[in-house]
Every structure is written in structure tokens, then in C-alpha cells.
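Inspection log for the structure reproduced underneath, given as C-alpha cells.
A short reminder: the numbers here are calculations on the coordinates, not readings from a lab. Remember, it's a predicted structure, so these values are computed and weren't measured experimentally. Every residue, glycine among them, receives a Cβ derived from its backbone with ideal geometry; neighbour counts consider all protein chains shown.
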Amino acid sequence: MSLSRLRTAALCTLPLLGLAAQSARAAVPARCAEAVQSAPDAPFVTPTVTKAAFILELWFGPGDDPAQLRALTDVLERHKLRATVLVHPDMIAQNGALITDLTKHKHELGLLLRAAELPDPGVNPVLPPGVRMPPGTQPRGPGFTTLNAWLPPLRAHVKALRAHTDLAVDAVSIDVLSGGAEQAFEAMGIRAVLPQDPMEPGPPRVLRSATGEPARGRVLPADHWKDPCGPALPAWTPAALDRAGAAAGASPAARISLPVAGAQPALLERWLTEVVEPAGWQVITASAAAAKARAVGGGLIGAALAPAELPPSLAPGRYVERAALIAAAPLVLEGARLPRSLPGGLTLTEYVQGMVLWAADPTAEGYRLGPLGGPGELARSTVRPGLRLEAELVRAAMQELKPGLSGSLPSAVSVGEHLLTISELAVILSQMALDQPLSVQAKPPPDPFAPDLGWGRSGTSGG
């Protein structure tokens, strides 16, 4: 049986899959723990990757000791780090004071879910081999039938957690992730979904939605491991933390779940002091990682459904010469707001898409502009006006952004350690085209009250 058929068959028997997943979790840790045995005081491996980001997850489930959880978060707080604490619904009521305290210390609180404890989520249709979803669409799957079954218990869990945090619940972790589950999470406004299954395929992708409308949430698989042990630390040993550190560089962040049972806060403290801090690694929350994924790839289609690249002569969309894009750059820099249209009938979306392609490959004579919508929302600037940027840093960011340009322009884009709004990026790219110093400047959109902020669509004309 092929892998795709095997996965389809598994999705059609979700209750059995839930039991299989539980059995696998019972068997895998023993093998994984054996593979990472080392002396408690063994030295750590010196990392070679710097500037990496990690999500430190703490799964707080039935049977876990609240005191051990607090001991781990105490260590993180001493190092001014924030964990993503995922709480099973059964643990909320009896640990309200602890949850409130964790919130005061800026940790992110989310839900730890088991598919077997929720209604049957149904199955999304599986596309035949070679068939890809067209840009701007998503499979509807079971749709509102699933939502009607899932939303009441999920809302009850969220309400229970919010009673102790007074904050939105942005993150969930679940053992078996189905298309119906994704639709329910998107309807709930969840921003980060953290599959526990190490076989959940990556890279990070957009949540499915029941309506097919653009989704804000992101699935963050733990597919960056080179073994089937998954994101959970197999054992509290230096070798296990070395294995975790080997995932440095995963995008948008490497996921590590620190087990509460048998926690060794002293070992965590030593790892943070001897490895994480000297390497310059960051620890970010799950929702922050989802925001990074959303900023870099703002489209509706996950990487697994992205259409294959075709030669410019065969690809759909409008073909625009490089010279036409460069000629439009001065008009973007003029005036108090961004222009609605540019010479040659270019929309602002077409111009920015073309400039992203130009920055990623400045030697091409022209670029094919695929179907793309304008940004769906107005992002708030997070950098100071006048911030100077290096051209090579911008080019690297555009090379990373290019594969994710589908569906609609992202509202914000990561450039190095900075997060620029799409309007600020339009100005920076125009400055690059004219060989001017790169200085961040904010400009209002053409029409802040239009659905696409007045940017228009891209790639709708032949060329």
C-alpha cells in the first residue's frame, strides 16, 4: 500500500488511530530514552548554529506534579525565558492558582488535547496524486457538521482556561490532527497548532478552514527531528538535550517538549547557562512562532500543495519585464501614501510581488506574476522609522519569502531580526531598486477601508 493510501486509510479510522497513537507513545519513549543515555554530568556538545529559535513546551497532563512544573518554569524565569505551557482540560480547575501565576510571569498558556476525548472530527477529502488545490482555495471537508460537534467542548475548555488567565487561548497541542480538527481550531481563533505526532508532515502550513476563506492559524509540525522520537525530550540527560540542540535552525523554531514527570531543573539550568545563552539562541512562544510563519508565508496553500514552478513561458499569470518594475519604483517613494496603480497598469500587489522576485533574483530579464491578492489586514509597525537595513539581508529575506507567495500578500514580513509591514517592505524594495540607502519608512495604504487595502490583485492578466 502506498504512503498516501495508508495515510488516507488511517484518517478514515480515527478512533483506531487514536488508540494506535497512544500505544506508540507508550512504546517509543523506551527506545528513545535508551538512545540518549549519558552520565548526568556529561559535557554538552558545543553548538555550531547560532541565532536559532526554540519553542520550549511543557505538557501538563493528568498525573503530572504541579510542583515539578513550577520548578521548571522557575528556572526559565531566572533566565528571563517564556515557556508554552499546554494544560490538559482535567488539570485546569485544580490548578487555577498555578495557571494564574504562570500567566503573571508571561508564560503562554494553551490546551493539551487528546482526539479520543473529543467528538469524531471527520475526514477531509484527499486529493488524487498529482492534483493540487488552485491558489485561493482550500478543501472544505466535513465543514460545519464537524464544527457543530467540536466547538461546544472546545469553547468550554477555553472558557475554563481563560477564567484563570483572562487572555485569549492562542495555542493547542493534539495527538491526532485531522482536517476537521484544523477547521475547528481555525473557527476558534487558535493561532498555533502543535501536533504531538512526530510523523505529521511539515513544513509549517496554514490551517484549513471550513469556509475556504483565508486562515490566520498555523500548524507547526515537529518534523525537524532526524528520528521518530518527536518533540518530547526522551529523558532528562545531557545527551537528550544535545539531541534537542541539534534541531537548531528549524523554521520558524524548533519545538522541544520538556517532560514534567521526573523533571530535573538543575540539568535544564546547566543547559541554558552552558549552551543556549552562549550560542545566542532565542526561546519564543508558540504563538510568536506562528506569527513568524505567517509573516514569511502569507498564502492559503501549505508547502505540500504549492504548485510546481514552470518556465516563465508556460506559467500562468502576467509577465512583467524587470525594467518596467524598476521604472515604477520612484512613484512608490513619492507622495504621502502608497499609489493604487503604477505605469503599465500595474497594481500595487503586482509591483511588490515583482519586486520580491527581483530582489530574490536580480539578474532575470522579467518575472511571471502568479495569482495573488493584496494584504488582508493593516499591520502595525514594530520598528522605529529610519531604521537602516543592509541590502543583502533584504535579499536573503526575499529568497525565503518567494516560495510562500500564494493566496495573498502577507501583512508583515521578517527581515533578519526585524518584522516589517508590507508597506514598509514596498518602500525598502523601491529604495533598493534605485540604489538608495535602505531606511524604513511607513506609508498608509491606498485605501485602508477596502478589503485588500486598495492594493488590488496580481497575475490576472496574460503576458
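Restricting to bridges with both residues inside the stretch 142-289, how much of the DSSP beta-bridge set is antiparallel, in percent to the nearest 5?
20
Sorted by packing (mean other beta-carbon atoms within 10 Å per residue), highest first, where do 241-250, 37-46 land? Numbers along the way, then the final one.
Numbers: 241-250: 20.7, 37-46: 11.9.
Ranked from most to least packed, the peptides come out as 241-250, 37-46.
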* To do: Using packing as a proxy for protection, rank 62-70, 390-398 so that the peptide with the highest average count of other Cβ atoms within 10 Å comes first.
  => 390-398, 62-70
* For residue 263, what charge total do you get from the other residues with a beta carbon under 14 Å from its beta carbon, if Lys and Arg give +1 and Asp and Glu give -1? -> -3
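Does the stretch 327-421 classify as rounded, prolate or oblate by the C-alpha gyration tensor (a ≥ b ≥ c root eigenvalues; a/c under 1.5 gives rounded; else a/b over b/c gives prolate, otherwise oblate)? Intermediate results must be reported in sequence, preceding the final value.
Details: a/c = 1.31, a/b = 1.13, b/c = 1.15.
Because its axes are fairly even, with a/c under 1.5, the stretch 327-421 counts as rounded.
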* Name the lysines eligible as straight-distance cross-link partners of residue 104: C-alpha to C-alpha under 21 Å, and not fewer than 8 places from it in the same chain. => 80, 159
* Cα centroid separation - the stretch 247-286 against the stretch 333-410, whole Å -> 35
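Rounded, prolate or oblate: which fits the stretch 363-463 when a ≥ b ≥ c are the square roots of the eigenvalues of the alpha-carbon gyration tensor, with rounded for a/c under 1.5 and prolate only if a/b beats b/c?
Numbers: a/c = 1.74, a/b = 1.16, b/c = 1.49.
Because a/c hits 1.5 or more and a/b fails to exceed b/c, the stretch 363-463 counts as oblate.
Could you sort the peptides 340-352, 432-444 by per-residue average Cβ neighbour count (10 Å cutoff), highest mean leading? Mind dumping the intermediate values first?
Numbers: 340-352: 21.2, 432-444: 14.8.
Top of the packing list down: 340-352, 432-444.
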